[in-house]
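First comes the structure, then the notes that go with it.
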Amino acid sequence: MRFQKARLIHAEIPLLKIFKTSYGELKTKDFYIIELMNDAGICGYGELEAFPLPDYTEETLETAILIVKQHLLPNLVQKDFAAPEEVHQIFSWVQGNEMAKAAVELAVWDVFAKAEKKSLAKMIGATKKSIAVGVSIGIQDSVDSLVQLVEEYQNEGYERVKIKIEPNKDIAFIKAVREKFPKLSLMADANSAYNREDFTLLKELDQFGLEMIEQPFGVKDFVNHAWLQRQLNTRICLDENIRSLEDVQQAHLLGSCQAINLKLARVGGMVEALKITRYCAENDIIVWCGGMLEAGIGRAHNVALAARAEFNFPGDISASNRYFHEDIIFPEFTLEQGRLNVPDGYGIGVGLNHNVLQKYTKTTEEILLNKGRS
Ligand code: OSB
Ligand code: MG
């Protein structure tokens, strides 16, 4: 298969609720859609997930789109590909820049699945028809507003709740939620807000029966996570640390965690994600699908991945209406008894809702891939 052209659509949609983490706030979802068209006119889609600031990982939307245009798309020019894995291989000379690679690679997967007249889920060996999902709640101003929000999401049917924490917005918040909902599947995500000096506080979290504590320490810190895991009963889950299979192997061998929040964007796309999934299953590490507040295209890729049998823990893959007044896809993802249905149409199984997308589009750019660049 050859690729004819790419279209880069830059859009920004307002979030229904401000999303606050230990490192900052997001009011909108700012992203690019990468549309790739092959020589038969089949279009596939990927979503560039990097955030505007280099605070979650090193990449930003600006750096990532530059890598896409200058280094990744030119690698597709006038080459014949027999499988998406070949595209992953041809990108391997580019160090880091996982989100840029994932956006293009995932568009390639969508094109191949559509060309083979299969759903993406089926193409990657996923068998579930629907997936259990959870909700990730940003840091709230008060304990009361957090408890109220948890109640709302629980009533909507979310099966697992993740609460963002940071120093001074931790014990009292988790304690209040646990007291109100003794049986809720509950976890906390620190986004690297703590260090070894906070040990007593992190140990205090051990009493609330949390499923896991996500990323308490620094984003390159495997050693101190291992030190902490040895002293906690609660599982540690790594998010920011994990960019590749090698990172998972390192975490496993050091004992840095017992669970992995797997994000397609953070590990460079589907090929790496599937390797990590296999490794986790073989080594008794919990693997579950995280989120980046994706618009509908990114969400569709997550749903396909989470439909694989290894994903037994509900992902951060909520319904479209948990994030946005309107999503850029049709049909939107809706919650049914705490679950999202896995689309069975060809490829990602959802299409762009052009009316909605147009409203929020900032720029569109076309790049020819068949006779050099436009
Ligand atoms: O740490 O998992 C995270 C959102 C932005 C940046 C980092 C994280 C998150 C989430 C959101 O937790 C999960 C979702 O998409 O619902
Ligand atoms: Mg996280």
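The values are calculated or read from the model by the stated rules, or taken from the named source; none is laboratory data. Please read all numbers here as calculations on a predicted model, not as lab measurements. Positions of Cβ are backbone-derived with ideal geometry, glycine not excepted, and every protein chain shown enters the neighbour counts. Remember, those area values only see protein heavy atoms, side chains included, never the ligands or the DNA or RNA. Shrake-Rupley method; radii C 1.70, N 1.55, O 1.52, S 1.80 Å.
Place a label point 7 angstrom from the Cα of TRP227 along the Cα-to-Cβ direction, then list the residues of region 174-195 whose backbone nitrogen is under 13 Å away. Output list for this probe position: 195.
In plain terms, the chain from GLU282 to GLU197 could stretch by 27.2 nm, reckoned as 0.36 nm per residue minus the Cα-Cα distance. Under the simplified labelling scheme, the ASP206-ASN370 pair shows an inter-label distance of 6.4 nm, with each label point 7 Å from Cα along Cα→Cβ. Backbone phi angles across region 43-59, fed through the Karplus curve with coefficients 6.51, -1.76 and 1.60 (θ = phi - 60°), yield HN-Hα couplings of 9, x, 10, x, 10, 7, 8, 3, 8, x, 10, x, 9, 7, 10, 5, 6 Hz in residue order; Gly and Pro are listed as x. Computed over the Cα atoms of region 16-135, the ratio of the radius of gyration to the Kirkwood radius (Rg/Rh) comes to 1.01. Charged neighbours of VAL356, selected by a Cβ distance under 9 Å, balance to -1 (K, R count +1; D, E count -1).
Averaging over every viewing direction, what projected area does the convex hull of the Cα atoms of region 172-219 cover, in nm²? Each step should come with its number before you reach the end.
Values: hull surface 13.0 nm².
Result: a mean projected hull area of 3.3 nm².
Amide H contacts of SER136: LYS162, each under 5 Å away and 5 or more positions distant or on a separate chain (H built 1.01 Å from N in the peptide plane; Pro and chain starts excluded). Of the beta bridges in region 123-351, as assigned by DSSP with both residues counted there, near 25 percent are antiparallel. Rounded to the nearest Å, what's the spacing between the alpha carbon centres of region 167-182 and region 295-374? Just the number, please. If we compute the Cα centre of each part, the gap is 33 Å.
Phi-derived couplings, Karplus 6.51 cos²θ - 1.76 cosθ + 1.60 at θ = phi - 60°, listed residue by residue for region 318-329: 8, 5, 3, 6, 7, 10, 10, 5, 8, 9, 8, 10 Hz, with x used for Gly and Pro.
Straight-distance candidates among the aspartates and glutamates for linking to LYS371, with alpha-carbon spacing under 16 Å and chain neighbours fewer than 8 residues away dropped: ASP39, ASP80. With R₀ fixed at 56 Å, the C-beta to C-beta distance from ALA40 to ALA176 puts the FRET efficiency at about 0.50.
Counting lysine pairs in region 123-351 whose alpha carbons fall under 21 angstrom apart, excluding pairs fewer than 8 residues apart on the same chain, gives 22.
The Cα-based radius of gyration of the chain, divided by its Kirkwood radius, gives an Rg/Rh of 0.96. Computed over protein heavy atoms with a 1.4 Å probe, the carbon and sulfur contribution to the accessible area of the chain reaches 49%.
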